[in-house]
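The structure appears right after this line, and notes come after that.
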Amino acid sequence: MVSPRMVAVVSFFAVGCGASVGNTASALGTESDFSFFVTSLSALRELSGSSDGFGGDLRFGETGAGAGLRGADKLCATIAERSLAGAGSKPWRAFLSASSDGTGAQVNAIDRVGTGPWYDRVGRLVASSKSDLLAQRPASADAAIIKDLPNEDGVPNHAPDGLQVDNHDMLTGTDTTGKLASGGTCSDWTSTTVSERPMAGHAFPRAGGTNNDSAHWMSAHQVPGCKAGITITEGTGMGSSTVGGAGGYGGFYCFVKTGD
């Protein structure tokens, strides 16, 4: 039996030899385990049809009340299917909070994802339980990914193409307890024009830091705005009002709702 650790080792060896992680994982990963990823810049660019990505509008063709969350969930499923055939049929949920689910009820990201466990594309443990998600970094995560959460192909997102970039910010709209944070949600993930500054978490600790502001995976700081835009070069873009203005591209986390 191939262990998750062996899958990861083989996958990263393949990258070094010029093969793609996605193709290697297709042979070794299992659709039944795949239940977490960071949305990659390449996927968001392709699906949005824009080099700037989606920004704060994640409706992805959905309409009506609650369209932002439904569209974000659909994006998760679409990206998962692109990485592994059959994975898109799972109950994928974007780790996003919102002021309303479409009926007026507040949505807390931590309540959207079930009870765990969750695994990345190549079978490594991301978190065993909901309580583990409430740690600064997911408490039970595999040591290979705890400080650099992986994208849909199982690649730690700090260097998704083999070149390290500053793309730490992931939209969540969420505080450190997993609930709706102040600052806004880009009109519940339907707008690139409102004057809101939604909360973001860090897919990897900012500048290697360990304090809450630099390391928290779901609630580190607010991004400058809701406008679509990308900043992945250290020290640039700080004057912009985009979702990526502080180091990112409007990415977010995707989980399969498990256990409940």
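The values are calculated or read from the model by the stated rules, or taken from the named source; none is laboratory data. Small disclaimer: the values here were computed from a predicted structure and weren't measured. All Cβ positions, even for glycine, are placed from backbone atoms using ideal geometry, and neighbour counts span all protein chains on display.
With (1) under 11 Å from Val256 (Cβ atoms); (2) at pLDDT below 95; (3) not hydroxyl-bearing (Ser, Thr, Tyr) as the list, and Ala25 as the residue in question, which single condition is left unmet?
(1)
Does the range 229-246 hold any residues that are at pLDDT 65 or above and crowded, with 18+ Cβ neighbours inside 10 Å, and which are they?
The answer is Gly229, Ile230, Thr231, Ile232, Thr242, Val243, Gly244, Gly245, Ala246.
Among the residues in the range 206-213, are any touching a Lys or Arg at 6+ places or on another chain (Cβ under 6 Å), modelled with pLDDT under 95 and over 30 Å from Asp101 (Cβ atoms)?
No, the conditions are met nowhere in the range 206-213.
Residues checked against (1) farther than 26 Å from Ser35 by Cβ; (2) of a type in the set (Ser, Thr, Tyr):
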{"site": "Asp132", "(1), (2)": "no, no"}
{"site": "Ala139", "(1), (2)": "no, no"}
{"site": "Thr177", "(1), (2)": "no, yes"}
{"site": "Gly183", "(1), (2)": "yes, no"}
{"site": "Pro198", "(1), (2)": "no, no"}
{"site": "Ala203", "(1), (2)": "no, no"}
{"site": "Gln222", "(1), (2)": "yes, no"}
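Residues Leu69, Leu96: which one is in a loop (DSSP other than H, G, I, E, B) and under 15 Å from Gly251 (Cα atoms)?
Leu96
Among the candidates Val2, Val15, Val7, which residue alone is hydrophobic (A, V, I, L, M, F, W, C) and either buried (at least 20 other Cβ atoms within 10 Å of the Cβ) or modelled with pLDDT of 95 or more (or both)?
Val7
Could you tell me whether any residue of the range 52-62 is in contact with a Lys or Arg (Cβ under 6 Å, 6 or more places away or on another chain), outside any loop (DSSP other than H, G, I, E, B) and buried (at least 22 other Cβ atoms within 10 Å of the Cβ)?
no
Output the number of residues of the range 99-119 satisfying the condition of being in a loop (DSSP other than H, G, I, E, B) and farther than 21 Å from Ala200 by Cα.
The number of residues fulfilling the criteria is 7.
Looking at (1) buried (at least 22 other Cβ atoms within 10 Å of the Cβ); (2) farther than 18 Å from Ser187 by Cα; (3) touching a strand residue (DSSP E or B) at 6+ places or on another chain (Cβ under 6 Å), can you tell me which one Phe95 breaks?
Result: Phe95 fails condition (2) only.
Report whether or not Glu62 is within 27 Å of Asp260 (Cα to Cα) and modelled with pLDDT under 95.
It is false that Glu62 is within 27 Å of Asp260 (Cα to Cα) and modelled with pLDDT under 95.
Any idea how many residues of the range 99-122 are surrounded by fewer than 23 Cβ atoms within 10 Å (Cβ to Cβ), touching a residue at least 12 places away in the same chain (Cβ under 8 Å) and of a type in the set (Gly, Ala, Ser)?
4
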